[in-house]
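The values are calculated or read from the model by the stated rules, or taken from the named source; none is laboratory data. Everything quoted here is computed from the prediction, not taken from an experiment. Counting neighbours? That spans all protein chains shown, and the Cβs are built from the backbone with ideal geometry, glycine included.
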Amino acid sequence: MKGRSLSFRRTGLPAARVQVVAAAVAAAALALVAVAPVAAAEDAAPAQPAPAAQEAGPALPTSADAAKQAWLDAARRSETFNEQVLAADAAVTAAQAEAATKATAVQSAAAATAAADQQVSAADAVVARYQAEVSAFANASYRGARLDELSALLTAGSPEDYLDKASSLAVIAADQRETLDQALVARQAATTARAQAQAAQDEAQRAQDAADAATAAAAAARADLDTQQAALHAEITSYQLAYAQLSSSDVNAAAAAAEAAATAANASSDSATRQSQQAAQRSRAGIVGDDLADATAPADTGADFSVWAAQHAPSTQAGIAVTAALSRQGLPYVWGAVGPDTFDCSGLMLWAWQQAGVTIPRNSAAQADGLRQIPLEQLQPGDLVTFYSPVSHVGMYVGDGKVLHASMPGVPIKVVPLAAAGPNPTGHAVNR
């Protein structure tokens, strides 16, 4: 930004431009209830988050300069709030997926329990049948044991024949007993399997209950963020009105001063008079200062630079991602947007790499965690650079020591020197 700090010139702003810039300042008010504080600069101490809703809102700026500073400070925090909303959305989605998985496990466990019930019932029937047969044989043997042995003796043709018949009676009894024992073992195994299946079902149910509770908690946290956003609408409106009024007052004062200067210099040359009048006209027309223009105008990185960046990318996919990202210069920053015409910082990275067929995580913190960290001196076009600690902003390295990023509400997507994009820069390689 040519080394100049961002500042407002107290010049005239037409109604349309007042509304545009006021909207940017208003959006910045979201930081006043951000879920977590974020440092506005590298060495600044974290600010304490304001309550989500207060009967009396925060003190409004009393000058355009104060409104400008509120925009710069709060817009930085507002992006952090956006990242928290994205993280909350991801948490809800993950919790819902986990709950669905646990519900499927419960259904499978219930089916296994039902199958085990059937096995136990079948084993009970087998045991009952063989118990009846063994009991009947035992009773018959007890009542007619002597007769059976005598019958075998009387009908035997030889001692060997007698022994064979007596042995057969013993074998029959033993076989029935063995069959019954096997049936009892099978029933015990089925009963054990039934108990295990029931235990698995109970555990699966507890897991599902826990997953359902986690889903509810995640949804409640997300709803709380929604509530905070809703509570901010009144404050946003107040900031919009205050900024419009302050800007209008400053515009009128600047115009009056310019006209007074023109009158005082009336005796001077015609050139000096014309310059004063032109200054007054620019004031009424809302022409902003060079510093603000530097903050909102895209850098001079047109088609030639895009071609150069793509050629220096480490892969064809990286070249596609860089070209796609650079094609979005000048488009607006919008919370939660992932393109193709509006973006937040991480949404721009996601969209650009999607054009190359590569999927990366959604929010900046997840991108930092999910992508391989590399030294800044190893950055190549297409790699990502995250900023702040904890991470709450991200841009794409496009070569020549520059990054493309969607920085904050009211400032369009543009290329800036890496050092100007934020503190604590950290490089991350994508798809290499």
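Taking Thr359, is it touching a Ser or Thr at 6+ places or on another chain (Cβ under 7 Å) and either surrounded by fewer than 21 Cβ atoms within 10 Å (Cβ to Cβ) or of a type in the set (D, E, K, R) (or both)?
Numbers: touching a Ser or Thr at 6+ places or on another chain (Cβ under 7 Å): no; either surrounded by fewer than 21 Cβ atoms within 10 Å (Cβ to Cβ) or of a type in the set (D, E, K, R) (or both): yes.
The answer is no for Thr359.
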(request) Please enumerate the residues belonging to segment 416-432 that are among the aliphatic types (A, V, I, L, M) and surrounded by fewer than 17 Cβ atoms within 10 Å (Cβ to Cβ). (result) Ala419, Ala420
(request) Would you mind telling me which numbered condition in (1) modelled with pLDDT under 75; (2) out of contact with any helix residue (DSSP H, G or I) (no Cβ under 7 Å at 6 or more places or on another chain); (3) surrounded by 17 or more Cβ atoms within 10 Å (Cβ to Cβ) Gln48 fails? (result) (3)
(message) For segment 346-368, give me each residue that is in contact (Cβ under 8 Å) with a residue 12 or more places away in the chain, outside any helix (DSSP H, G or I) and farther than 15 Å from Val85 by Cα.
(response) Gln355, Ala356, Gly357, Val358, Ile360
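Among the residues of segment 388-432, what is the count of those that are assigned to a strand (DSSP E or B) and either over 18 Å from Ala325 (Cα atoms) or not hydrophobic (A, V, I, L, M, F, W, C) (or both)?
Taking segment 388-432 and keeping what is assigned to a strand (DSSP E or B), we get 393-399, 402-405, 408, 411, 414-417, 426-429.
If we keep only those that are either over 18 Å from Ala325 (Cα atoms) or not hydrophobic (A, V, I, L, M, F, W, C) (or both) too, we end up with 393, 395, 397, 399, 402, 405, 414, 417, 426-428.
Qualifying residue count for the region: 11.
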